[in-house]
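*Asks:* I have a structure here, written as structure tokens, and I will follow up with some questions on it.
The values are calculated or read from the model by the stated rules, or taken from the named source; none is laboratory data. Nothing here was measured: the structure is a model prediction, and the numbers come from that model. Glycine gets a Cβ as well: all are built from the backbone with ideal geometry, and neighbour counts include every protein chain shown.
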Amino acid sequence: MNKLFIGLCFICLILVDCKESPVSVEVKKLAHDNPTSYVFNMPLIQLRDTIIRLFDSGYQIPDNPILSTVFMDVMVPKEHPMEAIFHPETSKTAVFGIHYFADKNTANDVYIDDMGSYWASPVYFHNGKPFEYISAFAFKFIPLNANQTKLTVRAIKPEIVNGTTCCGPHGNYSITQQVKPTTIEEYTLITYIASKLGVKGLPPVQFPK
């Protein structure tokens with residue numbers, strides 16, 4: 001039998017063995033949802049421009065103690081832990097978020113892309129192990145008056161990695177499964193912004209017990 005054929009069969013067997021079928025998902029419950037909105041004492045344009053700067057990659061390094069409670073990139077080797085890095089976009093600068101800004105009533109929003117980072121979900125588990133979770137986020141602004149703006153954070157198509165399938169140029173593809181937003185990521189982003197603006201007194205982020 002041709003050696004090349006045998007080699008290809010062996011590679012195919014390895015790839016088939018490496019596939020992982022999706023498994024059941026355990027959803028850990030929160031005592032109550034975290035807030036996904038907060039009113040800042042700041043004009044809309046100033047708050048919007050500030051948030052764009054806060055999620056500039058240079059501003060996020062080194063790891064922020066608030067963001068790192070959730071957004072630690074599991075794709076990075078454990079010996080060199082690193083926070084997930086987001087990329088802010090507006091309707092005029094959209095690349096990764098161009099699909100988001102194609103929707104109505106998004107022209108004044110800020111979209112932050114996850115840049116392919118995955119973090120351990122605090123809510124979605126299987127056999128005690130957290131799933132890898134990924135989501136982009138959108139910031140929406142509602143002016144309440146000249147000096148107050150309501151900020152709402154929305155998770156955009158959050159997903160978990162649940163299995164793998166054959167075959168990509170560098171191995172198997174991840175199987176992703178869309179899940180409901182947790183409110184943990186959204187409120188963590190709000191508390192990060194509040195801390196940078198010197199706002200104190202926000203309740204802590206609620207995690208499952």
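*Asks:* If I filter segment 125-141 down to residues being in contact with a Lys or Arg (Cβ under 8 Å, 6 or more places away or on another chain) and in contact (Cβ under 8 Å) with a residue 60 or more places away in the chain, which single residue comes out as nearest to ASN34 (Cα to Cα)? Break it down stepwise before answering.
*Replies:* Narrowing segment 125-141 to residues in contact with a Lys or Arg (Cβ under 8 Å, 6 or more places away or on another chain): 125, 135-141.
So of that shortlist, the ones also in contact (Cβ under 8 Å) with a residue 60 or more places away in the chain come out as 125, 139, 141.
Working: PHE125: 19, PHE139: 16, PHE141: 18 Å.
My answer is PHE139.
*Asks:* While we're on this one: Which one is modelled with the lowest pLDDT, of the residues in segment 17-38 that are among the aliphatic types (A, V, I, L, M) and either surrounded by 12 or more Cβ atoms within 10 Å (Cβ to Cβ) or touching a Ser or Thr at 6+ places or on another chain (Cβ under 7 Å) (or both)? Spell out the reasoning first.
*Replies:* Our first condition is that a residue be among the aliphatic types (A, V, I, L, M); within segment 17-38, this holds for 23, 25, 27, 30-31.
The next check asks that each one be either surrounded by 12 or more Cβ atoms within 10 Å (Cβ to Cβ) or touching a Ser or Thr at 6+ places or on another chain (Cβ under 7 Å) (or both); those that pass are 23, 25, 27, 30.
Values: VAL23: 89, VAL25: 93, VAL27: 96, LEU30: 96.
By that ranking, first place goes to VAL23.
*Asks:* When only residues in segment 179-202 that are among the aliphatic types (A, V, I, L, M) and in a loop (DSSP other than H, G, I, E, B) count, which is surrounded by the fewest Cβ atoms within 10 Å (Cβ to Cβ)?
*Replies:* Taking segment 179-202 and keeping what is among the aliphatic types (A, V, I, L, M), we get 179, 184, 189-190, 193-194, 197, 199, 202.
Checking the rest, the ones that are also in a loop (DSSP other than H, G, I, E, B) come to 179, 197, 199, 202.
Details: VAL179: 20, LEU197: 15, VAL199: 15, LEU202: 13.
Going through the qualifying residues, I end up with LEU202.
*Asks:* Now for a different question. Taking only segment 81-101 into account, find how many residues are touching a residue at least 24 places away in the same chain (Cβ under 8 Å) and out of contact with any strand residue (DSSP E or B) (no Cβ under 7 Å at 6 or more places or on another chain). Walk me through it before giving the result.
*Replies:* Quick first cut of segment 81-101, residues touching a residue at least 24 places away in the same chain (Cβ under 8 Å) only: 84-90, 96-97, 100.
When the remaining residues are screened for being out of contact with any strand residue (DSSP E or B) (no Cβ under 7 Å at 6 or more places or on another chain), the result is 85.
Selection size over segment 81-101: 1.
*Asks:* What strands (runs of 3 or more DSSP E) lie completely within segment 39-143 and have 2 or more residues being aromatic (Phe, Trp, Tyr) and at positive phi?
*Replies:* Per the criteria, no element qualifies.
*Asks:* Let me ask something else. Could you tell me whether any residue of segment 144-151 is modelled with pLDDT under 95 and surrounded by 15 or more Cβ atoms within 10 Å (Cβ to Cβ)?
*Replies:* no
*Asks:* Would you say ALA120 is touching a strand residue (DSSP E or B) at 6+ places or on another chain (Cβ under 7 Å) and within 21 Å of ASP56 (Cβ to Cβ)?
*Replies:* Details: touching a strand residue (DSSP E or B) at 6+ places or on another chain (Cβ under 7 Å): yes; within 21 Å of ASP56 (Cβ to Cβ): no.
Considered against the rule, which asks whether it is touching a strand residue (DSSP E or B) at 6+ places or on another chain (Cβ under 7 Å) and within 21 Å of ASP56 (Cβ to Cβ), ALA120 comes out as no.
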